[in-house]
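**Student:** Pasting a structure below so you can have a look.
The values are calculated or read from the model by the stated rules, or taken from the named source; none is laboratory data. These numbers come from a predicted model, not from an experiment. Here the Cβ is made from the backbone with ideal geometry for all residues, glycine too, and neighbour counts use every protein chain on show.
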Amino acid sequence: MGKINGCLKCLFIFFNVLFLIVGCLLIFVAVKATAVSIQMSTFGGPGVGWIWVITLGVFGISALGIFAACSEKELFLKIFAGFMGIGMIIMLIFGTVVAVLRNSLKQNYESKSKEFVEPIMKDEESRQVLETLQITFKCCGVVSAKDWGSQIPTSCECTDTSRAFGAVTCKPRPVLSSGPALIYAESCSDSIFYLLDIGFKISLGFLFGFAVTALLGLLISILMIHQIRRHDGMGGPSIAMKGY
């Protein structure tokens, strides 16, 4: 008979195997997110370093949890519980940082400050990404069409006023500028923040969700440690004496 309740042990191992699989999937997601982050970094998108930290942490700690439950060793369960406690705190800290970063980024887009626009327009790769967004969301410029200076790109040309969300309006290009005669009246700041906000919301749900999971893992591991101590304190199962 084992030291830990069989149902509790199987449940613990099942969830750790599940998170081990999640860790493998997160490695794939982290690789893809790194490529996207390089393109969106100029627009103020969140970094992906924390994704790699969490990914490797989930993978390693899940493997440790499986080993600790199978071996029924108090030391490894204590280490696992320690990682759960530290992980919960880290997730809460990262979640708070992401929430603050999101609010700060939102204020920058709402204020539409010139200092925020200049780095985007000076970087050639960011300009290409912006042109793609202009075609997709039918908008022009980060703050306004004047962001492009005297040369308005063809991606700002207002040729189609239909859009999945809201109506599209056209306006003449700025005075003393060249390019399409009619351009999209709306700037791309709202559309850019909409895309970034999706990433922020997913990140917040991910971080706080894992914080709750870490808390549950901590409580279960403490319960398993208690069962091992109680079993060892009782001296284990008694051995029947044979009479001769």
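**Student:** Could you grab me the full set of residues in segment 167-204 that are among the charged types (D, E, K, R) and either closer than 26 Å to LYS106 by Cβ or exposed (fewer than 15 other Cβ atoms within 10 Å of the Cβ) (or both)? Please lay out each step first, then the result.
**Tutor:** Within segment 167-204, the first condition is being among the charged types (D, E, K, R), and the residues that meet it are 171, 173, 186, 190, 197, 201.
If the condition is that a residue be among the charged types (D, E, K, R) and either closer than 26 Å to LYS106 by Cβ or exposed (fewer than 15 other Cβ atoms within 10 Å of the Cβ) (or both), then LYS171, GLU186, ASP190, ASP197, LYS201 are the ones that fit.
**Student:** To continue, here is another question. For segment 183-220, what are the residues that are within 22 Å of LEU92 (Cβ to Cβ) and of a type in the set (Phe, Trp, Tyr)?
**Tutor:** PHE200, PHE206, PHE208, PHE210
**Student:** OK, next. Kindly establish whether VAL117 is closer than 21 Å to GLY199 by Cβ and modelled with pLDDT of 85 or more. I'd like the intermediate steps shown before the answer.
**Tutor:** Details: closer than 21 Å to GLY199 by Cβ: yes; modelled with pLDDT of 85 or more: no.
No: the conditions fail for VAL117.
**Student:** Taking GLU72 as the residue in question, decide whether it is out of contact with any strand residue (DSSP E or B) (no Cβ under 7 Å at 6 or more places or on another chain) and at positive phi. Even if it seems obvious, please write down each step before you answer.
**Tutor:** Details: out of contact with any strand residue (DSSP E or B) (no Cβ under 7 Å at 6 or more places or on another chain): yes; at positive phi: yes.
It is true that GLU72 is out of contact with any strand residue (DSSP E or B) (no Cβ under 7 Å at 6 or more places or on another chain) and at positive phi.
**Student:** Which residue, of ALA81, ALA68, is assigned to a helix (DSSP H, G or I), within 30 Å of ARG230 (Cβ to Cβ) and more than 25 Å from the chain's Cα centre (by Cα)?
**Tutor:** ALA68
**Student:** Looking at (1) touching a residue at least 40 places away in the same chain (Cβ under 8 Å); (2) farther than 20 Å from CYS70 by Cα; (3) more than 22 Å from the chain's Cα centre (by Cα), can you tell me which one ILE228 breaks?
**Tutor:** Looking at each condition in turn, ILE228 falls short on (2).
**Student:** Which number in (1) surrounded by fewer than 19 Cβ atoms within 10 Å (Cβ to Cβ); (2) modelled with pLDDT of 85 or more; (3) under 24 Å from PHE200 (Cβ atoms) marks the one condition that VAL98 misses?
**Tutor:** (1)
**Student:** Residues in segment 75-89: is at least one in contact with a Phe, Trp or Tyr (Cβ under 8 Å, 6 or more places away or on another chain), of a type outside the set (D, E, K, R), at pLDDT 90 or above and surrounded by fewer than 17 Cβ atoms within 10 Å (Cβ to Cβ)?
**Tutor:** Within segment 75-89, not a single residue is in contact with a Phe, Trp or Tyr (Cβ under 8 Å, 6 or more places away or on another chain), of a type outside the set (D, E, K, R), at pLDDT 90 or above and surrounded by fewer than 17 Cβ atoms within 10 Å (Cβ to Cβ).
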